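Starting off with a structure, shown below.
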Amino acid sequence: MATIHGGRAKQFKKDRARFAGQLSKAKAVSEKLARSFEDPSIGGHDLKVIRPDWATWPSTSKKVRHGTLVTCTQCWRASNADWDTPCVGRTGKRGWAQKALWQRLVKQENGTDNIQLLLDTWNATREEVNEVMGLDPGDVRLGGYRGTRVGEAQNPGPSSTCSGFLLWSLNCQSPNGAWAFLDSCKNIQDPLVVALQETRFSTTEEAAFVRHALKSGFHVQATPGSPDVGGRPRGGVLWMVDKRLRFRKSVSSSAEDAQVGTVWVENWLLLNFYSPPDRSKDAQMQASELLQEALLAEDMPTTWIAVGDANETPADSSIALTLNSFQGIVLEQGCPSRWEGQAELDWAQCSQPSLVQQLRFMTEHFSDHKCLECFLPIRTKDLSSGFLKSRPDWHKPVAATTQWWRETLSQCWDDAQPSRPCDVTSGSIDDNWDRFTGALEQMFRAAFQMAFESNLATPQELARALRSPGSKGSAPVWRQRTLPRAGPRGQGSMPLRRLRRSVAQLYELRRHLSRSARTSLQTQEAQKLAERLGFGRDLHAPGLLARVAQQLASSKAQLYQEHQDARKRTLRNWQNALKDDPKALGRWLRARDVFSVQLMEQLVGMALRVVNFVICLRLWGTAWMRSPSVKAWMSTLPSSVVAGTGADSLFTAAQVFAKLGHQRYAGSMDFTKCYDLMIPCGTAALLEAGGWPRGLVQVIAYMWQHQQRLFLRSSGLGSLDGGRCSRY
């Protein structure tokens, strides 16, 4: 069969007139396809049918195409397939395939006719298309030759400028959802702004999240919600703004049920709102009033966008009506905003909708709500930063003595004799200087290597001495690089992203299969999803809906388990870090002002694993003494009782010893038996009635009643009888 087709292809190349019937049939098929594309409602495109010069059309194969080509006059896409994707307009982001096609057309030697045909169809100039397609001005043809920039790397890396930022909005529904979403945001290197709704943070959880987000390169503004009857937090909105963008906090207000957070990012005023679904308390009206107050407080700016979860469709929401009075236009997607819902409850409203680009719902599953994404343009911003190249550090190692270091340098200088300039009167000054600095570098590198082998230099000191060879004694080198977002990258991996995307696709496929009637586009989308997920293209297969539901439940359980494993790994790494570095435990304790029995129980358990309980207890006591609550209590005590708690410790001790020396007497009393005969609960109640902090009294009572006698053995810690003091 292959031989027959090859022979027919050779005959066709020799004499095309013999295959006039086949050519006319191909032309008829192409015209039929062209007529099917004349419906301008497909994906919001304005489609036109053209007939390019296929002989000069760029192609990756040797075959010459025939027939017509479909193109959109709005997004300038040219293709005969996949027109169900939404139109992005003239200002939207172009895909890599579309940019590559235009670049091949420009580089084509004889492709001017096709370029002019497309420009006439699009009603655009060549400069406009070059700018939108991202064509480098230096990559154009001048007199038939390609202009090339000299000295530029072929792959210079990420761009040092940005013309806008990504805006993500998600109802995370819980603190765990917020943490998981933050971990995914850290992997995005483009400027990013995130709006979260329904965070449900407690005071301590919010403080921990803000600290971690700041370390990850985000400014944070949090607006907590009011607690419910049981004291549990509810609602709450939060902004995370990339530190590389200009940022200013604005109005942050909360009502009984609704919350609104407002920030300035570059020249955009961003509003984040949340309104619960409870209509009895009129939460919609509360959110509307808060949004109105925020816009009036900022003198009704001309460029603003509001995103959030209204728990109402725009047509039924008073929020949309209020923002409409400030020239806000609702931006809807026309599809449900929840994976298992039927209404679009998460939406955006903007004063200048023509500036909002690539508005869509993301295809990854983070919570029960879909994540809304768009691109907001700003004035071109430079993200590059300059720095000087670091040079070696040749300071004497701390552990080495001065005499040993001098002898070692003298020995290494003698070994560098061949590299030293033998006659400074001959040769140029620059050549002699280069040889001299080279000999110095050889001497110091050899000396530090000997110090390291003699255990007199640490690995860090050796690394600082050996870095940047050849830079000492030369002119400073100024370099420039693109400023990345601060903080570590996220722990999310590609398999986890694929799993989130798979869960989202299973939700969409189940939605399509549950419909009683589907349009042709919905049927095509459902077939693509079913084929991509391994179910085949037959949507009427027996038991398909049940299999999809079973696979969805299994994937959701796997995704939940992945999140649980990631949280356990993070906690385990944190505990190991505290075990290895006691200073880290002290820093963690000093960052907290809440000390309770539960915290003490955790520290005792950690100390048993660390073995050195005394260090743990001293760090905990020091951190508590420096906490604001204990300082406030100690300020109420007389000075004769409180002394030596800060910088005056040495002065206080000197006074005490001087007084003892003057009196020539020092005595003490043993209160051990006294404490054995006292009742711990009664003593704790007496101390609390005397004004002692309740947390301190509870910790004292806990330590008093939970004493254990421990002994050290080769395998770790053990207990004599494993029990507490029998008296209590």
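Over the stretch 173-215, what percent of the accessible surface lies on carbon and sulfur atoms, probe 1.4 Å?
Carbon and sulfur: 54 percent of the exposed surface of the stretch 173-215.
Scaled to the compact-protein estimate 2.2 N^0.38 Å, what is the alpha-carbon radius of gyration of the stretch 160-207, rounded to two decimal places?
Compared with the compact-globule rule of thumb, the stretch 160-207 sits at 1.31.
A follow-up question, please. Can you give the extra length, in nm with one decimal, that the chain gains between ASP282 and MET634 once fully stretched, where that is 0.36 nm per residue apart less the Cα-Cα distance?
Roughly 122.0 nm would be gained on extension.
Evaluate Rg over Rh across the stretch 292-414, taking Cα atoms for both radii and Kirkwood's formula for Rh.
Rounded to two decimals, Rg over Rh is 1.50.
Under a point spin-label approximation (7 Å from Cα along Cα-to-Cβ), what is the THR683-ASP430 distance to one decimal in nm?
With each label point 7 Å from Cα toward Cβ, the separation is 8.2 nm.
Leaving out ligands and nucleic acids, and using a 1.4 Å probe, what accessible area per residue does the stretch 272-340 come to in Å²?
46 Å²
Taking only the C-alpha atoms, wrap a convex hull around the stretch 341-405 and report its volume per residue in Å³ as a whole number.
242 Å³
With a Cα-only, solvent-free Debye model of the stretch 264-349, what are the log10 I(q)/I(0) values at q = 0.26 Å⁻¹?
Values, matching the q order: -1.37.
Moving on to the next point. Packing-wise, with mean Cβ within 10 Å as the measure, how do 270-278, 86-94, 505-513 rank, highest first?
270-278, 505-513, 86-94
HIS212 to HIS66: FRET efficiency via 1/(1 + (r/R0)^6), r the Cβ-Cβ distance, R0 60 Å, to the nearest 0.05?
So the FRET efficiency works out to roughly 0.50.
Can you tell me how much longer the chain between GLU298 and SER410 gets when fully stretched, taken as 0.36 nm per residue apart minus their C-alpha distance, in nm with one decimal?
On the way: separation 112, 0.36 × 112 = 40.32 nm, distance 7.04 nm.
So the extension gain works out to 33.3 nm.
While we're looking at this one, here's another question. Say the cut-off is 30 Å between C-alpha atoms; which of LYS249/LYS568; LYS93/LYS568; LYS93/LYS186; LYS381/LYS528; LYS186/LYS568 go over it? Kindly include the intermediate steps, with their values, before the conclusion.
Working: LYS249/LYS568 34 Å; LYS93/LYS568 39 Å; LYS93/LYS186 22 Å; LYS381/LYS528 40 Å; LYS186/LYS568 19 Å.
Violating the 30 Å Cα-Cα cut-off are LYS249/LYS568; LYS93/LYS568; LYS381/LYS528.
For the stretch 516-564, state what percent of all Cα-Cα pairs lands in each successive 10 Å bin, counting from 0 Å until the bin that includes the largest distance.
Taking every Cα pair in the stretch 516-564, the percentages come to 24, 44, 24, 8, 0.
A further question follows. Using a 1.4 angstrom probe on the protein heavy atoms only, line up GLU562, GLU332 by accessible area, largest first.
Output order, biggest surface exposure first: GLU332, GLU562.
So what is the relative contact order of the stretch 335-403, in percent, for Cα pairs below 8 Å that sit 6 or more residues apart?
Numbers: 55 pairs, mean separation 15.8, N = 69.
For the stretch 335-403, the relative contact order is 23 percent.
Between MET625 and THR125, how many nm apart are label points set 7 Å from Cα along the C-beta direction?
7.5 nm
Related question: Based on the Cβ-Cβ distance of SER390 and GLU531, what FRET efficiency does E = 1/(1 + (r/R0)^6) give at R0 = 60 Å, to the nearest 0.05?
Working: r = 54 Å, r/R0 = 0.90.
It comes out at approximately 0.65.
What net charge do the residues around VAL548 carry, taking every other residue with its C-beta under 11 Å from that of VAL548, with Lys and Arg at +1 and Asp and Glu at -1?
+2
Any chance you could look up the accessible area of VAL656 with a 1.4 Å probe, heavy atoms only, rounded to 10 Å²?
For VAL656, the solvent-accessible surface is approximately 80 Å².
May I pose another question? Full-extension gain between TRP574 and THR85, please, as 0.36 nm times their residue separation minus the C-alpha to C-alpha distance.
Contour length minus the Cα-Cα distance gives 171.5 nm.
Could you work out Rg/(2.2 N^0.38 Å) for the stretch 211-300, with Rg from alpha carbons only? Spell out each step's value before the answer.
On the way: Rg = 14.1 Å, N = 90, 2.2 N^0.38 = 12.2 Å.
Expressed relative to 2.2 N^0.38 Å, the Cα Rg reads 1.16.
Next question. Taking R0 as 56 Å, what's the FRET efficiency between LYS472 and ALA654 from their Cβ-Cβ distance, rounded to 0.05?
0.70
Let me ask another. So for the pair LEU321, LYS381, with labels modelled 7 Å out along Cα→Cβ, what separation do we get in nm?
The two pseudo-label positions are separated by 3.7 nm.
Which value, in Å² and to the nearest 10, is the accessible area of ASP282 when all protein chains are kept and the probe is 1.4 Å?
ASP282 has an accessible surface of roughly 80 Å² with all protein chains in place.
The values are calculated or read from the model by the stated rules, or taken from the named source; none is laboratory data. Treat the numbers as computed from the prediction; the structure is a model and nothing was measured. Ideal geometry is used to build each Cβ from the backbone, glycine not excepted, and the neighbour counts take in all protein chains shown. Ligands, DNA and RNA are stripped out before the accessible areas are found, and what is left, the full protein with its side chains, is counted by its heavy atoms. Shrake-Rupley method; radii C 1.70, N 1.55, O 1.52, S 1.80 Å.
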